[in-house]
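The values are calculated or read from the model by the stated rules, or taken from the named source; none is laboratory data. All figures in this text were calculated on a predicted structure; none of them were measured in a lab. Counting neighbours? That spans all protein chains shown, and the Cβs are built from the backbone with ideal geometry, glycine included. The protein model used for the area step is the full one, side chains on, heavy atoms only, and it has no ligands, DNA or RNA in it. Shrake-Rupley method; radii C 1.70, N 1.55, O 1.52, S 1.80 Å.
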Amino acid sequence: ANVVYSIFIDDVVSDITAWQEKMLNDFKDANFQYLDSLRGGFYLKKMIECPNDTIVEGNDIKVEYIGRLIENGMVFDTNIQDTAKLYRIYDDSRSYDPMTITYKAEEEAFFEENNIVKGFGYAIRNMNYGETAICFFLSDLGYGAGGSDPSIPEYAPLCFWIHIQEDD
């Protein structure tokens, strides 16, 4: 069958970092107007704080999360079963238990051992037991130029809702 496609170019991005920073700033201004970044292209807003319940080296923590694309709010991943069903990404072959992460003081070991993206890891490293936070960050701290098939496109700034369960 012969098929004819029409393709329209909405915008040309000449500076991908500037484009992402604008997207993050627009998201911040719409949701967390007076929030400052903790490091270049990384924002964290604690929704529930527990300042006296710190995490120490070597402890395993249980983490619940919901990951969204900043661009359109699409939920691309979660380990909360009801949320997965609500956003139609539920997979009955997958576990929806909280993620177990081993806390490491050294950053690179922390990211590598737990197989997490840096933005997600930076958030956890700034949180304590029982806290809930929202973080959002540039693609360099996420999946970068390659994205992550099938749901995270290239150069996608990400947002995570994160809850660290209380220490047992």
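Tabulated results
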| item | result |
| --- | --- |
| Enumeration of residues in the stretch 55-85 that are of a type in the set (D, E, K, R), at pLDDT 95 or above and part of a strand (DSSP E or B) | 62, 64, 68, 77 |
| Criterion (closer than 15 Å to residue 139 by Cα and among the hydroxyl-bearing types (Ser, Thr, Tyr)) met by exactly one of 34, 43 | 43 |
| Residue within the stretch 106-122 that is in contact (Cβ under 8 Å) with a residue 40 or more places away in the chain and either open to solvent by 50 Å² or more (accessible area, probe 1.4 Å) or charged (D, E, K, R) (or both) present | no |
| Neighbours by Cβ (under 8 Å, 6+ apart or cross-chain): first from the stretch 47-73, polar (S, T, N, Q); second part of a strand (DSSP E or B) | 59/102 |
| The stretch 14-47, residues that are open to solvent by 90 Å² or more (accessible area, probe 1.4 Å) and touching a Ser or Thr at 6+ places or on another chain (Cβ under 8 Å) | 47 |
| Residues that are touching a Ser or Thr at 6+ places or on another chain (Cβ under 8 Å), polar (S, T, N, Q) and assigned to a loop (DSSP other than H, G, I, E, B), drawn from the stretch 111-135 | 128 |
| Members of the stretch 147-164 found to be hydrophobic (A, V, I, L, M, F, W, C) and either open to solvent by 40 Å² or more (accessible area, probe 1.4 Å) or not in a loop (DSSP other than H, G, I, E, B) (or both), listed by number | 152, 158, 159, 160, 161, 162, 164 |
| Some residue of the stretch 136-146 being free of Cβ contacts under 8 Å to residues at least 60 places away in the same chain and either part of a strand (DSSP E or B) or aromatic (Phe, Trp, Tyr) (or both) | yes |
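For every residue, the table says whether it meets (1) open to solvent by 30 Å² or more (accessible area, probe 1.4 Å); (2) closer than 15 Å to residue 131 by Cβ; (3) in contact with a Phe, Trp or Tyr (Cβ under 8 Å, 6 or more places away or on another chain).
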{"site": "54", "(1), (2), (3)": "yes, yes, yes"}
{"site": "60", "(1), (2), (3)": "yes, no, yes"}
{"site": "65", "(1), (2), (3)": "no, yes, yes"}
{"site": "69", "(1), (2), (3)": "no, no, yes"}
{"site": "72", "(1), (2), (3)": "yes, no, no"}
{"site": "76", "(1), (2), (3)": "no, no, no"}
{"site": "80", "(1), (2), (3)": "yes, no, yes"}
{"site": "84", "(1), (2), (3)": "no, no, yes"}
{"site": "98", "(1), (2), (3)": "yes, yes, no"}
